[in-house]
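**Student:** Here you go, one structure.
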Amino acid sequence: MDATHRQLLIDRYRQSLDEFDAAVVGLAQDELDRRAAPGEWAVGTIIHHVADTDVIAGGRLRLLLARNGAPIAAYGEEELADVSDAGSRSSESSLALIRSLHGATLELLLGAKVKPLLNTGVHEQIGEYSVALWVERRSQHLQEHSQQIREARAK
């Protein structure tokens, strides 16, 4: 990963959080139950999902950076969503967790030495899993959920 590619990935990761923050700014309590469409997750569920997956993803990245060839476990998003009722959790604490994790991860990516950034692991479903792929997938994940939240709030 050359310096230009690294910077593009980091910029995309930073922008994905900016998009998410824009999607949730001024979020009212009554909007947490809104859905973009029937059968879709409610805004509150999306927020908790992002927080939960960011915890797992952050661990994956740190493992990738620390150990080339690290095994990466898979999980299903529905498995995490079914752990607790969205209403039993504070959306504020999940939003704070998302922002904190993204900030810490951004600092980690900015300060990482070049060699660890080239590491790859082995994801049990995807196969080879690089740091660059991790950044791409996490950025895309947040952008997709930001769009879902914007659509739900527009209803």
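**Student:** Please go through region 1-33 and give me each residue that is of a type in the set (Phe, Trp, Tyr) and either closer than 25 Å to Lys155 by Cα or surrounded by fewer than 13 Cβ atoms within 10 Å (Cβ to Cβ) (or both), ordered by number.
**Tutor:** Restricting attention to region 1-33, the residues satisfying the condition of being of a type in the set (Phe, Trp, Tyr) are 13, 20.
If the condition is that a residue be of a type in the set (Phe, Trp, Tyr) and either closer than 25 Å to Lys155 by Cα or surrounded by fewer than 13 Cβ atoms within 10 Å (Cβ to Cβ) (or both), then Phe20 is the only one that fits.
**Student:** Being surrounded by 14 or more Cβ atoms within 10 Å (Cβ to Cβ), at pLDDT 95 or above and touching a Gly at 6+ places or on another chain (Cβ under 8 Å), is that true of even one residue in region 141-155?
**Tutor:** The answer is no, given that none of the residues of region 141-155 is surrounded by 14 or more Cβ atoms within 10 Å (Cβ to Cβ), at pLDDT 95 or above and touching a Gly at 6+ places or on another chain (Cβ under 8 Å).
**Student:** Can you tell me which of Thr53, Thr45, Thr105 is touching a residue at least 12 places away in the same chain (Cβ under 8 Å), polar (S, T, N, Q) and within 15 Å of Gln148 (Cα to Cα)?
**Tutor:** Working: Thr53 fails: within 15 Å of Gln148 (Cα to Cα); Thr105 fails: within 15 Å of Gln148 (Cα to Cα).
Among Thr53, Thr45, Thr105, only Thr45 is touching a residue at least 12 places away in the same chain (Cβ under 8 Å), polar (S, T, N, Q) and within 15 Å of Gln148 (Cα to Cα).
**Student:** Ser130 is checked against (1) among the polar types (S, T, N, Q); (2) surrounded by fewer than 18 Cβ atoms within 10 Å (Cβ to Cβ); (3) within 29 Å of Ala36 (Cα to Cα) and fails just one. What number does that condition carry?
**Tutor:** Unmet condition: (3).
**Student:** Somewhere in region 87-98, is a residue modelled with pLDDT under 90, more than 19 Å from Gln140 (Cα to Cα) and charged (D, E, K, R)?
**Tutor:** We begin by selecting, within region 87-98, every residue modelled with pLDDT under 90; these are 87-89.
Next cut, more than 19 Å from Gln140 (Cα to Cα) only: 87-89.
Pick out the ones that are also charged (D, E, K, R) and you get 89.
Yes - at least one qualifying residue is present in region 87-98.
The values are calculated or read from the model by the stated rules, or taken from the named source; none is laboratory data. Predicted model only: the values in this text are computed from it and were never measured. Glycine gets a Cβ as well: all are built from the backbone with ideal geometry, and neighbour counts include every protein chain shown.
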